[in-house]
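Structure, as structure tokens:
The values are calculated or read from the model by the stated rules, or taken from the named source; none is laboratory data. This is a predicted model, so every value here is computed, not measured. Cβ placement follows ideal geometry from the backbone for every residue including glycine, while neighbour counts extend to all protein chains displayed.
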Amino acid sequence: MSCKINVLEIDARDTNMQSGIARYMDVLDECMPAYVNTYRVIFYRDANTQDVQIKFSGKELSIRHPLNFPHHTLFEPVFAMLAPMLGNMQNIIVKCNCLGLESFVYLVRNRICCKTIGIVHCMPPMPTVSNNIRTKNPFFNMDYIILVAPNGAQWLKYVNNTRPSRIIANGIPKPIISNANPQDGVFRFIFANGLSVNKGLAKIIPAIRRVAQKHKLEVMVLGGGGTKDQVFDVSDLPIKFMGYISDKQKLADIYANSDCALFASRSEACSFAGIEALAYNLPIISGRATGLTEMFDGVAKLIDFLPNGEINVEQYADAMMAVIENSRLRKKMAVLSYSRYVSRYTAGRMIQKTLKLYKQVLGI
């Protein structure tokens, strides 16, 4: 029988946003062998609360606080709540899933015997002409660093990282696709990255508007991160804002009833929305963003960004038209998508590599 491994996942997130890190934790929790026990400490930024609320629920310690609350002031009381549980454990790994929480991870390591892993889930901002001060590596004292995509290595190089690192791509279990697409003559696009400005939905509205003049379509937008009334003038378009989807079956049904996935981010690492699009056999249209290009190259229609940073709207609209009008192209892209998922982004691959790293770090 294998030794018990206890993993403490640390994260901070906004309550109204679709979280890829939450998806990452769910997959690990669902697919890891029984001898791996996973616990979570999540700091939730909640626009609907004026108070700090700390409570255990199952294996999660949740800390809800107002949006601009200095959550670092809660590190000591949060650790005090964890200490009795951690004191009875062996083979503990504490993982930092969010830049800004590494101080809490180091605090835990100073109080108990454990190993630490930092995870680069996204591509952190790189320096600009007006911001050329070299940033200190927040993961400078981690025992190991996980990169979910190769582009994270650029950031580690920039911050002069000296800690060992390894690329372990995200993955999801193979979905069971049971729903058939509605036969109503509507072509359905899914945009699963929410309303955050950096995800780029506003940039492709002109392309959607152009295509909607010729074809009957619907664009389903999943996730939060912004206010559509402040950002988008889409009253004339068939865009359906679905909001944050927490129900797994509902999320699966939306993907299963979609015909094509849209992406417009300027930067991504290993997008779970991208993996889901691949796993659900969807044709994909995406900007040539860091991370997404690596994920979709040779599979999707990749759209150039213009010198001013805007996405090429005409090229994007042409790609949407081609996918709608050419059934042979759609089928080919669907096959390529699923092939890429099977070869790179299954939960089995992620679990195998992550478990191997856990044992290496713990020396067991």
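Being among the acidic types (Asp, Glu) and at pLDDT below 95 is a property that does not hold for Glu325. In the stretch 6-55, of all residues being of a type in the set (Ser, Thr, Tyr) and assigned to a strand (DSSP E or B), the one that is surrounded by the fewest Cβ atoms within 10 Å (Cβ to Cβ) corresponds to Tyr44. Given the conditions (1) polar (S, T, N, Q); (2) modelled with pLDDT of 95 or more; (3) more than 19 Å from the chain's Cα centre (by Cα); (4) over 30 Å from Asn91 (Cα atoms), which single one is not true for Ser337? Result: Ser337 fails condition (3) only.
Note on the stretch 267-301: residues that are assigned to a strand (DSSP E or B) and either closer than 13 Å to Ser337 by Cβ or small (Gly, Ala, Ser) (or both) total 6. Across the stretch 56-75, the number of residues qualifying as farther than 10 Å from Ile42 by Cα and either surrounded by 14 or more Cβ atoms within 10 Å (Cβ to Cβ) or not hydroxyl-bearing (Ser, Thr, Tyr) (or both) comes to 13. Taking first residues from the stretch 232-258 that are outside the structural domain of Ala277 (by TED's automatic domain parsing) and partners that are in a strand (DSSP E or B) and surrounded by 17 or more Cβ atoms within 10 Å (Cβ to Cβ), no Cβ contact under 9 Å between residues at least 6 apart in sequence or on separate chains turns up. Within the span defined as the stretch 170-181, every residue fails to be part of a strand (DSSP E or B) and in contact with a Cys (Cβ under 6 Å, 6 or more places away or on another chain).
In the stretch 340-356, the qualifying residues are those that are buried (at least 17 other Cβ atoms within 10 Å of the Cβ) and either modelled with pLDDT under 95 or not charged (D, E, K, R) (or both), and the one that is nearest to Asn37 (Cα to Cα) is Leu355. Within the stretch 204-224, one or more residues are in a loop (DSSP other than H, G, I, E, B) and modelled with pLDDT under 90. Taking Tyr316 as the residue in question, decide whether it is closer than 29 Å to Ser178 by Cβ, touching a residue at least 12 places away in the same chain (Cβ under 8 Å) and surrounded by 18 or more Cβ atoms within 10 Å (Cβ to Cβ). Against the criterion (closer than 29 Å to Ser178 by Cβ, touching a residue at least 12 places away in the same chain (Cβ under 8 Å) and surrounded by 18 or more Cβ atoms within 10 Å (Cβ to Cβ)), Tyr316 does not qualify. Among Ala289, Ala264, Ala202, which is the only one that is out of contact with any Lys or Arg (no Cβ under 8 Å at 6 or more places or on another chain), of a type outside the set (D, E, K, R) and at negative phi? That would be Ala202, the only listed residue that is out of contact with any Lys or Arg (no Cβ under 8 Å at 6 or more places or on another chain), of a type outside the set (D, E, K, R) and at negative phi.
Return a yes/no flag: does the stretch 298-305 have any residue that is basic (Lys, Arg) and more than 22 Å from Gln154 (Cα to Cα). Yes - at least one qualifying residue is present in the stretch 298-305.
Considering each residue of the stretch 120-127 in turn, none proves to be of a type in the set (Val, Ile, Thr), under 20 Å from Lys359 (Cβ atoms) and either modelled with pLDDT of 75 or more or in the same structural domain as Leu357 (by TED's automatic domain parsing) (or both).
Could you please give the count of residues in the stretch 302-330 that are of a type in the set (A, V, I, L, M, F, W, C) and either not in a helix (DSSP H, G or I) or not assigned by TED's automatic domain parsing to the domain that holds Ala192 (or both)? The number of residues fulfilling the criteria is 5. Only one of the listed residues (Asn193, Asn160) is on the phi > 0 side of the Ramachandran plot and of a type outside the set (A, V, I, L, M). That residue is Asn160. Evaluate the following for Met81: is it part of a helix (DSSP H, G or I), modelled with pLDDT of 90 or more, surrounded by 14 or more Cβ atoms within 10 Å (Cβ to Cβ) and outside the structural domain of Cys270 (by TED's automatic domain parsing)? Taking the combined requirement at face value, the residue satisfies it.
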